[in-house]
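Read the structure below first, then the notes.
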Amino acid sequence: MTPQPGIFAVGAPEHCYLELDAAPGSEPAELVGALAALLGPSSDVAGACLTVGVRPELLRAVAPGATPPDAASFEDVVGPELTMPATQHDAWVWIAGGSRSAVFDVAVTVTGALRPRFAVASEIGGWVYRTDRDLTGFVDGTENPSAVEAPDVAIRNEGPGEGSSVLLFQQWRHLSTFAELAVPEQERVIGRTKADSVELDEDVMPADAHVRRNVIEEGGEELAIFRRNTSYGGSSDHGTVFVGFCASRHPLDRMLRRMAGVEDGVRDALTRYTVPLTGAYYVVPALGDLAGLADLPEG
Ligand code: HEM
């Protein structure tokens, strides 16, 4: 089953993320059908790459076979000192393009096509900072799977939800206090060097370094996810749009729990300088499933 290609379409400089709430009383089939139709032949979204996600329970109500078994809405992640808040919505649309105008035009088309079934709950503009850095100034994505590995990490390869992906979508505000740290201190927060993104040696890597919190072994294998983060905001209020894909929810969930210190009381140092403002999980269904749901001929 073919996944939505936008998950892997790297390189676009401009992004828009829409989270949408269903109008009260709408039928699940109608809602999912309207989302699926965005990628269909009568949809006019030329000029940008569109990726569509659905709240797991909403998709399951219409198409259980298209939904990964462990996919579920986000719930607050509550650590001893930090709570990552759940702000789940019903649908997610990611528009990626070569220019802000192209992305704007498609966003207007998308919101118009989804009205009145969906109302926009949140809209974030994402952009690429210095090729591959996040707004801490560190390279973000060094340990991401390569192009050949990413589909195995991000996409379910069998059973319910084959060809789909579980998305964790979180907006993180960055605090100005990080920039006040000396660079070696910043490096101990992340767990890598700032200039060239080399992982710190084990003997100098703190237990609460971001990298250390997110390197998790289960059954002798390291849990892997595929990140497509961008930056948002301007000089006074800005941060990271975390866009993480995985074949199941479990690895994403464990990473969040480790960052919040739920499992062992160790809180990720990065969360002392960044604030999770939102949190939601969506299923990004396979193209073939979407085609069926929108009553479209399969391509
Ligand atoms: C403010 C939000 C975040 C920022 C600025 C951030 C930044 C970074 C940076 C700079 C790295 C090191 C370079 C790299 O390998 O990419 C990294 C690694 C990583 N991050 Fe994050 N991150 C954030 C949130 C998260 C969240 C919420 C998760 C998981 C749900 C996560 C999972 C990971 C993973 C798995 C790695 C790679 C670890 C490794 O294998 O070495 N990050 N992140």
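Here are the numbers:
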item: Pairs of Cα atoms farther than 23 Å apart, the chain, %; result: 54 percent
item: Per-selection Kirkwood Rh - the stretch 4-48 (Cα, Å, 1 d.p.); result: 13.0 Å
item: Contour excess over end-to-end distance, with Cα ends at Ser42 and Ala207 and 0.36 nm allotted per residue; result: 54.2 nm
item: Selected from Thr111, Thr177, Thr87 as most flexible by GNM, with the chain as the system and alpha-carbon contacts under 10 Å; result: Thr177
item: Spatial extent of the stretch 5-86: Rg and Dmax, with the Cα atoms as the point set, Å; result: 15.8, 50
item: Rounded Å value of the spacing that divides the Cα centres of the stretch 169-194 and the stretch 27-52; result: 38 Å
item: 3J(HN,Hα) from dihedral phi, the stretch 17-28, Karplus parametrisation 6.51/-1.76/1.60, rounded to Hz, x for glycine, proline; result: 10, 10, 10, 10, 10, 6, 5, x, x, 6, 7, x
item: Most fluctuating residue given options Ser231, Ser43, Ser248, as computed from a GNM of the chain linking Cα atoms under 10 Å; result: Ser43
item: Between the stretch 229-299 and the stretch 126-163, the Cα center-to-center distance that results, in Å; result: 11 Å
item: Length released on extending from Val148 to Val198, taking residue separation times 0.36 nm less the Cα-Cα span; result: 15.8 nm
item: Net length gained if the chain between Asp76 and Ala182 were fully extended (0.36 nm per residue, minus Cα distance); result: 34.9 nm
item: Span per principal axis, largest first, for the Cα atoms of the stretch 1-151 (Å); result: 46, 45, 30
item: Using alpha carbons only: equivalent-ellipsoid semi-axes of the stretch 186-276, gyration tensor based, whole Å; result: 21, 18, 14
item: The stretch 126-183 - convex hull of alpha carbons, volume per residue in Å³; result: 125 Å³
item: Cα coordinate range in the stretch 244-299, projected on the principal axes (Å, largest first); result: 51, 20, 13
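All of the numbers you see were taken from the coordinates with simple rules; none came from a lab. Everything numeric here is computed off the predicted structure, so don't read it as measured data.
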